[in-house]
Each structure stands twice: as C-alpha cells, then as structure tokens.
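Following: one structure in structure tokens, then a few remarks.
The values are calculated or read from the model by the stated rules, or taken from the named source; none is laboratory data. Just so you know, these numbers come straight off a predicted model, no measurement behind them. Here the Cβ positions follow ideal geometry from the backbone for every residue, glycine too, while neighbour counts run over all protein chains shown. We work out accessible area using only protein heavy atoms, side chains counted, and drop any ligands, DNA or RNA first. Shrake-Rupley method; radii C 1.70, N 1.55, O 1.52, S 1.80 Å.
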Protein chains: 2
Amino acid sequence: MSQTLIEIGQRAKMAEPQMRIMNTAKKNEALLKIASELEKQYEFILGENAEDIRTAEENHMKPGLIDRLMLTKERIFAMAEGLRQISALEDPIGEISEMKRRPNGLLIGQQRVPLGVIGIIYESRPNVTADAFGLCFKTGNVVILKGGSDAICSNKAIVKIIRDTLYKCQVTEDAIQLIESTDRETTSRFMKMNEYVDVLIPRGGAGLIKAVVMNSTIPVIETGTGNCHIYVDESADIKMAADIIFNAKTQRIGVCNACESLVVHENIKEALLPAMQERLKEKNVELRGDEAVCNILPDAKAATEEDWGTEYLDYILSIKTVSSVDEAIAHINRYNTGHSEAIITNNYENAQRFLNEIDAAAVYVNASTRFTDGFEFGFGAEIGISTQKLHARGPMGLHALTSAKYIIYGNGQVRS
Amino acid sequence: MSQTLIEIGQRAKMAEPQMRIMNTAKKNEALLKIASELEKQYEFILGENAEDIRTAEENHMKPGLIDRLMLTKERIFAMAEGLRQISALEDPIGEISEMKRRPNGLLIGQQRVPLGVIGIIYESRPNVTADAFGLCFKTGNVVILKGGSDAICSNKAIVKIIRDTLYKCQVTEDAIQLIESTDRETTSRFMKMNEYVDVLIPRGGAGLIKAVVMNSTIPVIETGTGNCHIYVDESADIKMAADIIFNAKTQRIGVCNACESLVVHENIKEALLPAMQERLKEKNVELRGDEAVCNILPDAKAATEEDWGTEYLDYILSIKTVSSVDEAIAHINRYNTGHSEAIITNNYENAQRFLNEIDAAAVYVNASTRFTDGFEFGFGAEIGISTQKLHARGPMGLHALTSAKYIIYGNGQVRS
C-alpha cells in the first residue's frame, strides 16, 4: 500500500475521536460557515473547474459528461444551500432507544453513534464532494473521498475551502480528506484498507458500483440501478393508471426511480393501452411490447427477452401482459433490481399481496415510483438509494450513516 | 462455478418466495416437529457422528477439537431444545413501523422482511447446523450451509432430518441446503455467488472470519473476536471491581466477552491490585503488567506491546496503569476489537465519558463484560456477536436476520 494512502488512513483514524463526540451545535456552525465560504470563493472554484473542463475538452469528453463536470455560480450556490439544508436536519447521533431494565437490574439501551470512517468513491460530479462531506460530517463521521480523475482540480478546490474553514472553526481538518492520486491502482488499494475505513459507498453508474462490490474487502453500501415496474391490475382506474405511468416514465428519465417497464393484466389491456399511448405520445415515448401488446398498439415494437431486464434511462417503455397478479409478481421479482415497484389497482387483496410479495426497497400502491427519494420520504438529503438488504434499504438519509452501540448501566452485576 | 453450486443457488432462489410469505404459525409448527424428529432419530445422528469421530481420530485431531465435534444424546436433545426456544420467540417478520402520512397524502411505512438467502460458513461444530437453520427459518430466510469437512457426516444427517420433516410439513425442503463438497475451492466460489446469496455469516475462529471477509464479494456480517477491557477508575469500589474482574476473567475463559486486559488508574493501584490478585489466585490467573504493576505485584510478569493486543482465551490477564480516564479511553480504543468494554467507577462524569467515547459494540458501567449475549440482553438465541458497525452490532438475534422495505399506500399521487 502506498505511504500516502496509509497516512490518509492514519489521519482519518486520528480525527475519529474528535468527530465521535462533537456536539450538534458545533457541527451545524461549521456546515453554515463552509456554505458561506463556498459562496464567497465561488470564483476560485470556477477557475479550478475551468482547468478540468479544458482538460476534458482536450480529451474529447462527450458533451453530456462535460455538463456533469461543469460548475456554474448557480451550481456552487446550490451546493452551499445543500449544506445549509443538512445543518437544519435533526442530528441522529447520541439518541438512545430501546432502553430497558433487565431482571438482574442492568439497564440496557442502544445509543446512536457514527459509523467511523466512510470512504466515498464517485465519478466526475464535483457537487458530490460537498454533498457527501455534509452528510458524513453531520453524522460525526470522518470522510475520505476518491473522486473521478476528470474533476480533480474542482475537488481539490472544494476540499481546500472545507478544510480551511474547519480549521478556522477549530475542527480537525482531517474530518475530510481527498485522495489526490487518480490512478486505478490507488482506488484498488483504497478498497482494501479495512484497518482504516469502516464502510465504502460508491456513488455513480452501474459499472463503478459493480467494480467496488467485486473488489472491496471493506463493507460496501450498494446504491443501485432501478429497473422499476408498474403493474396495472384489472381493477385499476384507467385515468389514474395513465397519469401515474406518464409521471413515472417521463417526469425525469435519467433517474433510478423512473419506470422502465409496464406489466398489464390482460383483462384491462384494450382499455388501458390506447389511452396510455395517447398520453405518452406527448413525450414521444417508444413502446416495446409482447405479442398481445403489439396486436393492440400497432406502433409498438416487439420486445425481446433483453428488454425485460433493461434500465433504459430514456424515453422507452417495455410492456408485458399477464393473466394474473401472481404472474405479475413473479415477472417483477424475476426482472427487477430491488428498487421501486408499483401496483395500480382497486382490489384490496391484490394490493396487499403486491405489498407483501414484491421484493424491492419501495413498493407502492396507486402512486408513482418517482417518490423514492429522501426528501419525498421526509428525511431530507440522501447519500444514495440502497438496493441491497443489509444495513440500509431505500433512500439513505443521515440515519443510514450511523451505527448503534449498546450502553449498559450496572451496579456491580456479575454473570452467574 | 461448479454446476452443483449453481443448482444450490437456483434452488435457494426458488424457495425464497414461499419462505417470504410463510406465516408464523406454520414456521413454529415446523420448528417444533423438527425438534421432535431430531430427538426421535438421535441414534441415527449419533451413528453418523461416530463416522466423523472415527475419521478425526485417524487424522489425529486434537482432543479439544474432537470434543467440539462430538455429539451425545444430551447434545442432540439440547439442539432440539434450542429449536423449541426459537419457536417461542416473537417473529419480527411483517412488523410495520414508522408509518407516517406525508403532506401529499402518501402513507409511508417500513415493513420487516427476510434478508433472503443467507450463507453460513462454519467450522466443525455440528450443533451450529440446527441452530443456524432455526434462526434463519424463523425469520423467513433460506439458508445454505457450508460446514467444516470434519463434521460432514453429522451435518448430512441433521440436514436430512430437517429436510424430511419440512417435506412432511409441506414446506419447501430447499429452505435448508448443505454444500456437501468440502474442498476449499468450493468455499471460495460460494463466497462469490452474489447472484444467489444476499449475505454471508461466518461462524468460527478469527482465521475463518478473516478469510471470509477478505475473499467474499457477498456482503458479510462479521462476528468477531473480543479483546475486552475493564478500566478501574480511581473512585471505584474495590470489592465491586475485584468481583467484576474475577467474573469477567474466569467465569468462562474461552468466550469472546471474557475480559483479557485490565486498565487501572494509578491512584487506586495499591489498593486494588493486591486484593484482585488474591481473588484471581483461586483460578491461578497469570498476570502480565507494566512496570508500575510489577512493582506492586512481584509475581506478575512484564507485559509486552503484544500483550495489549492479545485475546488470550486463557487464564491470563494483562494489566496497564494510566494516569487519567482520557488515557484509559485512548488505550482501550487503540487496542480493543470493538466488542465489550467496562468501566468500574463511582464518578458520574467519568462514567458518562466512558459510555460516550469508547468505540465498541457494548460499553458497561459497573458490570461484567460477560453479559454481552442474546439471552442476557433479552432477545433470545443469537447467530453471533457482531463487531462490525454496519447492519448489526453486538449480539445478533432474529432482528439482525431481517431487512425492511418501504411500503407506500397512495391514491393516485404523481410527482410534480
């Protein structure tokens, strides 16, 4: 392991005790000051970001990726605003729950504590730098960031401002560290620093996440892709179904909670499909269906097996007909990615069965899958949406960045 | 990947939907019938176990390990009793919590669900087979067991009885599967079956756990070793301290929550150490101390740096003197394994600081570390004691074998 990485790990561990016991007022004060400093120094950040953009253009980066990399005054102010929102959230650290007196007199409870040192591996979105720091800092965690190489100048600038401001607030600067070397080997070594890092959170596309899952020996919280389905049951209200499908498919196409696939009960297909097609035409959504669908919608293309498993992130929707709620549940549990699934129905029994039997982070009755989001669920900013079952599932707010320890008050108890 | 392993994975996945929705009465009925069958067929199990013992003796296995491998009628009946106890525990599956109405009318809550498919990798203790099955089954999980090669005949016998009984109860037999091939390559491939297995739990010694953590690409719940400390503060009651130290060190030496190291405030060392030595003499505990300790206790050996980090699991205790609670906390946080730590004090402020600042799964004031245990904490049988911070920390009962999903009741909501 390179000396630099070990040093970074050691510094993180040294910062941990101060962060563990920092009170909420102190954390909020630092977050607000950092927000102001990011705004004050926006021209410095823009200058460094311009370096990244210049290099990206020289390397013929695609316009979409350049847009993701580019900062503007507005985007920097939005970052600052994000930190202010985090400062306004309730601090989960220190909360004690489930406190119970045992028969032997021991008083046992669980106290919420930071995870410790969190590693974040992400792509070239400089806004993640401030955002991830804010969530980790508010929960008393130390963070080590490994951002995409294309954003290195922007990330260094943002981290410099954060560290300088922490110093002014008399908080350990090592609450945030950036791994500056951007080669793959460093990333690979970082993913095996079990001695120094308690958890890794990859933020980015499916490729990045898979690489971290397959290579890390540190526990990983997997944020994931969403092949989200809407099942329209035979008893559904046609207008409600069309509205929800339109919203879930087109309100924002590039997000993980957008609907990618529709499952339709055969008894409602004639009534639903033309009405829905009419609605989706507004956004030129391409439809890919099975034979029954293509018979009703002549414009639809024939779906292949591959379509059922594809997260398009585009104006495309696959459509499958089924003859029962059982078949719908089996199809969805086979092809979904464990993100968000919805049933549109007016049948009580089918609604309950769908809720109980679908295996996903969020299961909806009569609502759009687009609600799977920290703000919509009522716990504010999130570090990502977990599609794994361990530790955290669904939108991960501050609580997902914490652990608990048992605290036990005794008066001399020994075990017999 | 070998065909057999893939088949086992596929069968587990096929069993998952039935297990996900199985009601508690059905699960309890099966557990009780299996308990009876294990008792009824104890002679069959003993016969198969005798095969394992014969092979072990031929291979000159150490007596301690043979004892661990050996079953008796009593041990088989204890296994059955364990299953009855699990059947009596409350079933966490299906419980809905945190249900809240959002401003837009959506009703959002969290429903407790099984993890899915759990892999257990363990050593040659055949009792783990029934025990791990019971906990996984009660929580609606499918389990794939990979036991130690030395116990293969015993494990096959126990799994056969469980599967036969499940069949009679009209429950999918594949709720439990045993990987029968015992070579290392199979284990290694098993640890990379992310497509089929949701979580791996290694049960055994430090070597086994480390191997799983370093090689698995599936999320692992790490159960761990315990280098547990007791810190005797200057205001401690001497008799209480000696009683707790005696209990935590000697009540059972081979367990992870036994005390391995003592930290003593210098202002109490003269009063405490001779009294404590007197107490520990009864069990011939070897003491290894720093210079200050050796000056007071001439029989004590000099401790080395290595002693501070060693989990003896033996009648040995290391002793370090410190000049403040800060030094005690720093020492413990440096050398502990995140298991169980205790302070003996009558000082309110120091008790609170110890509880807040020590980084471990269980932190005690004025009680023995030996209480870190599922039964003692009031939630019954446990699958292990987690020393990691993700998902579950401390004794892992039924709750640790579950996940949650968000369930959302709407009436046509779309996102704006």
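Annotations for the structure displayed:
- Number of the condition not met by A:A56 [criteria: (1) open to solvent by 40 Å² or more (accessible area, probe 1.4 Å); (2) small (G, A, S); (3) closer than 18 Å to A:I158 by Cβ]: (1)
- Test for B:K320: is it basic (K, R) and not in a loop (DSSP other than H, G, I, E, B): yes
- Residues that are part of a loop (DSSP other than H, G, I, E, B) and buried (at least 20 other Cβ atoms within 10 Å of the Cβ), drawn from the stretch A:191-201: A:M191, A:M193, A:Y196, A:V197, A:D198
- Taking the listed residues B:L398, B:L297, the one that is farther than 15 Å from B:S261 by Cα, in contact with a Pro (Cβ under 9 Å, 6 or more places away or on another chain), in contact (Cβ under 8 Å) with a residue 60 or more places away in the chain and more than 13 Å from chain A (Cβ to nearest Cβ) is B:L398, with no other qualifying.
- Pair list, Cβ under 7 Å, 6 or more apart: the stretch A:238-256 residue under 17 Å from A:V365 (Cβ atoms), other residue of a type in the set (S, T, Y) and crowded, with 24+ Cβ neighbours inside 10 Å: A:I244/A:S368; A:N247/A:S368; A:A248/A:S368; A:A248/A:T369
- Within the stretch B:265-291, being buried (at least 17 other Cβ atoms within 10 Å of the Cβ), touching a residue at least 24 places away in the same chain (Cβ under 8 Å) and in a helix (DSSP H, G or I) holds for B:I268, B:K269, B:L272, B:L273, B:M276, B:R279, B:L280.
- When A:E341 is tested against (1) open to solvent by less than 10 Å² (accessible area, probe 1.4 Å); (2) part of a loop (DSSP other than H, G, I, E, B); (3) closer than 26 Å to A:D290 by Cβ, only condition (2) is not met.
- The stretch A:374-397, subset aliphatic (A, V, I, L, M) and under 12 Å from the mean Cα position of the chain (by Cα), residue modelled with the lowest pLDDT: A:A381
- Members of the stretch B:120-148 that are at pLDDT 95 or above and basic (K, R): B:K138, B:K146
- A:L71 being outside any helix (DSSP H, G or I), under 14 Å from A:R125 (Cα atoms) and not charged (D, E, K, R): yes
- Matching residues, the stretch B:375-416, being within 24 Å of B:F246 (Cβ to Cβ) and out of contact with any His (no Cβ under 9 Å at 6 or more places or on another chain): B:F375, B:E376, B:F377, B:P395
- Some residue of the stretch B:354-372 being assigned to a strand (DSSP E or B), facing another protein chain (nearest Cβ under 10 Å) and basic (K, R): no
- Test for B:A50: is it among the hydrophobic types (A, V, I, L, M, F, W, C), more than 28 Å from B:S403 (Cα to Cα) and either more than 27 Å from the chain's Cα centre (by Cα) or exposed (fewer than 14 other Cβ atoms within 10 Å of the Cβ) (or both): yes
- Residues in the stretch B:287-304 that are charged (D, E, K, R) and out of contact with any Asp or Glu (no Cβ under 8 Å at 6 or more places or on another chain): B:D290, B:E291, B:D299.
- In the stretch B:223-246, the residue that is nearest to B:L272 (Cα to Cα) out of those that are surrounded by 24 or more Cβ atoms within 10 Å (Cβ to Cβ) and at the interface with another protein chain (Cβ under 10 Å from one of its Cβ atoms) is B:A241.
- As a summary of the residue check, A:R415 satisfies the conditions (1) open to solvent by 20 Å² or more (accessible area, probe 1.4 Å); (2) in contact with a Leu (Cβ under 9 Å, 6 or more places away or on another chain); (3) under 30 Å from B:G378 (Cα atoms) except for the one numbered (2).
- Residue that is farthest from the other protein chains (Cβ to nearest Cβ), among those in the stretch A:202-219 that are hydrophobic (A, V, I, L, M, F, W, C) and open to solvent by less than 40 Å² (accessible area, probe 1.4 Å): A:L208
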